[in-house]
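What follows draws every value from the coordinates through simple rules; no lab data is involved. Keep in mind that what you see is a predicted model, and the values were worked out from it rather than measured. Cβ: placed from backbone, ideal geometry, glycine included. Neighbour counts: every protein chain shown.
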């Protein structure tokens, strides 16, 4: 590689490119974002589903993430309703994962000799995914730059072997590395190029549009109906017999069912932003999504990728 | 005698778990060694973010040989029995010894357990300790099955003496013990080997690791206070934070930084909380202004630029955090300016307090009505108390308290002042949660007292009504704390409050409604009627009475615990609780204090005996005769001088006791009662109560009854033990 880690990156995209190159070099499959709306990189099936079962796995990818309640019409210096996470998942977690992670910080221009990097206890739990793990938030000079988790359970299943998961909040990390105070001022591409674009040039307008829609315009009745439909469809998919009459093969549809789970989860987030979910209802909705996630996990471990060994009779 | 060194080197151990882990490692390891016969001279355990270490000095080189004698079957017993014994004892037939006992000849076996080398025992105990370590939360990693707080990387297990050091052969889940460790993650990452604890601690220090958490904490505190002092400032002490920060670094470096001028106008509590919770910074105060002007952060390394980059980064993060806090503060102030505190409280109608006790808004309405009722009893203005109760929890829906729940009340006070409410109302917002514990300050300002009492009484009656009482160690709604709060508020402010009346009105319409519906369900009906037997009245009405009765006994029980700590005997309290008006806690305590003082005197002690004697005689006679001797005696039927003396002593004492009790002067009442002692003693010495002459006997019984009545008017002396 001709990557120059001694120099500081100059743009948001350069930081992403360096992370991609670094993790590719460490042997990860560099994947693309999942093509659905999700709240965090963890929802990508490359993490949620692939952390289940016994098969080794190593993937890294950027995941656009949406958190409707965090919308601030593009005005807050570091809050966005749409942002990017960089996600790494390696199963089984390698013994030198901390060192590999620190290497990635060096790759994006953080000089270990000048900065104070700390691993501060932060246990991770996703009630919607029925998942938890132990790990840290990683601090660089007092700022949280990543989440580092050893998955213990996902979708109600104990993880054997354990996956190591790294999540970088890309905008925040990049702002720190580039020395930017307001996210909208951050150079998106190289500021020296003829058509230099800032993060604001790319996203300020969409932040405004989505903030308005998320908070005030989204049709809650339609959303409520979509939630119910996704929930029903997920259950219906999973009820289908494993044997496909058309091909004569055993096809467990874990991924299509999981898509419906993701959809329900995102619709719940939208409903939450619209303020139509009361405190008591909240728990009930989270529980309904968790039920879907668990059912999908149950299905995934019955698939080949989930470690299921085909029986001779099939 | 060898020394033992153990190091368990892992990824970062949560700071809050380190101290406990040190204790557990030391205790479990040394207990295991001693149990296996290896005694030792001394032991100490240490922790850093990445390691737990244990040194044990003066360990036995091997466990002592143990001989044990075992009694077997009788000589001539069946072969099967003898063989079974041989198998169990692990000896052969030739090893058996025949011995005569009173029951005949019996086989004896002597079992010798040879001593084992320390290394063997250490390895066994260490494996046991690692596999069963009581981490609050532990995890697996990679493809292994071992559990530890975070992935375990290496183990030092070393026995050393004058001859040198030897690694204890030990392996756990693929990790083989050695004599190698690593220094600071960034400043000295290379591996090095050690030969003893002294060598280990010294080499670690050279490798930028301070092994002892206390030494790190002392270092941080010294450097922090010096840095502040040199600028005329002082560090706000926070022992919990200091311990936590000492658990986050192996090589502490103290850096002091500026808080941006924009943020100095934030309330100091906001600055302190935000810096502590999010950044683990210490606050640095200017003693002249009382304002927090700087912060101290503790880095985990030295740098070529003396921490300049690190400090700049921390300052930047702090600015972002405080911008958030300022944003919340300004939004909250704007909300208060627009709609007042009651407007701020409006969303609480949507917040559930408890699904059977309604929303926060409904709860607040109940508290407000109650605070208004309590106000005159505590010398507070009723309107002010009601208003304070209505707004005291408004800050629960402020943005700041949403972000920092621990600022509840404190923010309420600021927002109340901003809304132009009076100082007593504003203070009540902050103080109505108090007292939170047995040593917490108790509010004294009448408006605060009224709201604090109303808040706690509503909690108690509410949870009592829905039958969510504390059981054993479970008290999820902190009802014991609420009851203690009521007790301390009443006693420390010397309030005359009839608790029964106040508790009865604390049952809002909501609780009544709940009781009605509960009475309809079979389960609750059984529960209610069970309590009912105590009261024996009608169902719905009776349910409320029974619950009140039960709640008041709960408060009395808490009072007993509280007073026991102040040296008042439980039977003394029982004797006073049995008196009418014991729901007036301040009165109850005065009576109890006077009674305990009275019983400590010899007059009191003797009079108590006289009372008991009179009471026994009376009870027997009343049982036998089937009548109650309550008419009072007549002095004209008195024969003996001692009898006449008692009549006149009683005549003298009775009005004094009555008058003293009327002005609630229990000491005077009891000292008047004590005046009866001589006459009572004289009476029992000289006078035969059960005289032949029935007129004499009845008159004497009636006289004793008057004595009993006089005693019982002061306290229920029958409940006093001894």
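Rounded to 0.05, the FRET efficiency of the residue A:17 and residue B:145 pair, given R0 = 41 Å and the Cβ-Cβ distance, is 0.60. Per-residue ellipticity at 222 nm computed for chain B from its helices equals -17000 deg cm²/dmol, with DSSP H segments shorter than 4 residues left out and the rest contributing -39,500 (n - 2.57). Relative to the dominant Cα principal axis of chain A, helix A:279-300 is inclined by about 70°. Taking every alpha-carbon pair under 8 Å whose residues sit at least 6 apart, segment A:12-213 reaches a relative contact order of 22 percent.
Spin-label model, residue A:25 to residue B:214: label points 7 Å out along the Cα-to-beta-carbon direction sit 4.7 nm apart.
Classify segment B:68-113 as rounded, prolate or oblate from the Cα gyration tensor: take a ≥ b ≥ c as the square roots of its eigenvalues, call it rounded if a/c is under 1.5, otherwise prolate when a/b beats b/c and oblate if not. Don't skip to the end; give the middle numbers.
On the way: a/c = 2.14, a/b = 1.25, b/c = 1.71.
Because a/c hits 1.5 or more and a/b fails to exceed b/c, segment B:68-113 counts as oblate.
Here segment B:47-61 and segment A:222-279 have alpha carbon centers that stand 54 Å from each other.
Within 10 Å of the Cβ of each residue in A:136-142, the mean number of Cβ atoms contributed by other protein chains is 6. What angle do you read, to the nearest 10 degrees and between 0 and 90, between the alpha-carbon axis of helix B:677-686 and the longest principal axis of chain B? Relative to chain B, helix B:677-686 is tipped by roughly 70 degrees. Here the convex hull built on the C-alpha positions of segment B:370-415 has a volume of 74 cubic angstrom per residue. Residue by residue along B:312-323, Cβ atoms of other protein chains within 10 Å of the local Cβ number 4 on average.
Any idea what the alpha-carbon Rg over 2.2 N^0.38 Å comes to for the protein assembly as shown?
The value comes to 1.24.
Here the spin labels are modelled as points 7 Å beyond Cα on the Cα-Cβ line, and at residue A:122 and residue B:74 they lie 7.8 nm apart.
For segment A:219-300, averaging the sequence separation of C-alpha pairs within contact (under 8 Å, six or more residues apart) and dividing by the residue count gives a relative contact order of 39 percent.
Here segment A:12-213 carries DSSP beta bridges of which approximately 95% are antiparallel, counting only pairs with both residues inside. For chain B, the longest principal axis of the Cα atoms and the long axis of helix B:539-564 meet at an angle of about 70 degrees. Modelled spin labels at residue B:277 and residue B:566, positioned 7 Å past Cα toward Cβ, are 3.6 nm from each other. By the compact-protein rule of thumb, 2.2 N^0.38 Å, the alpha-carbon radius of gyration of chain A corresponds to a ratio of 1.05. Take each residue of peptide A:115-125, count the partner chain Cβ atoms within 10 Å of its Cβ, and average: the result is 6. Footprinting exposure proxy ranking of B:492, B:35, fewest other C-beta atoms within 10 angstrom first, gives B:35, B:492.
Expressed as a whole percent, the proportion of Cα-Cα pairs in segment A:181-314 lying more than 17 Å apart is 70%.
Consider all pairwise Cα distances in chain B and report the whole-number % of them above 48 Å. The partial results should precede the final answer.
On the way: 128109 of 260281 pairs.
Summing the P(r) of chain B above 48 Å gives 49 percent of all pairs.
Our note on the geometry: Cα centres of segment A:1-79 and segment B:190-233, 38 Å apart.
Would you work out if segment B:124-186 is rounded, prolate or oblate? Take a ≥ b ≥ c from the square roots of the eigenvalues of the alpha-carbon gyration tensor; rounded if a/c is under 1.5, else prolate when a/b is larger than b/c, oblate otherwise. Here segment B:124-186 falls in the prolate category.
So how many Å³ per residue does the convex hull of the Cα atoms of segment B:213-330 work out to? Spell out each step's value before the answer.
Numbers: hull volume 11.2 nm³, N = 118.
Hull volume normalised by residue count: 94 Å³.
For residue B:20 and residue B:124, what is the calculated FRET efficiency with R₀ set at 30 Å and r taken between the beta-carbons, to the nearest 0.05? Plugging the Cβ-Cβ distance into 1/(1 + (r/R0)^6) gives 0.80.
Computed extension gain for residue B:346 through residue B:226, at 0.36 nm per residue and net of the alpha carbon distance, reaches 38.4 nm. Bridge orientation summary for the protein assembly as shown: considering DSSP beta bridges with both residues in this region, about 95 percent are antiparallel.
Between segment B:457-480 and segment B:237-286, what is the separation of their alpha carbon centroids in Å? Here the answer is 37 Å between Cα centres.
In plain terms, the chain from residue B:354 to residue B:494 could stretch by 47.1 nm, reckoned as 0.36 nm per residue minus the Cα-Cα distance.
Report, to one decimal in Å, the Kirkwood hydrodynamic radius for segment A:1-65 based on all distinct Cα pairs. Provide the component values of the computation, followed by the final result.
Details: mean 1/r = 0.0755 Å⁻¹.
Hydrodynamic radius (Kirkwood, Cα pairs) of segment A:1-65 is 13.3 Å.
Each principal axis of the Cα atoms in segment B:592-719 has its own extent, and those three values, largest first, are 43, 28, 25 angstrom.
For chain B, what relative contact order do you get, as a whole percent, if you take Cα pairs closer than 8 Å and at least 6 residues apart? Mind showing how you got there, number by number?
Working: 1141 pairs, mean separation 49.5, N = 722.
RCO, chain B: 7 percent.
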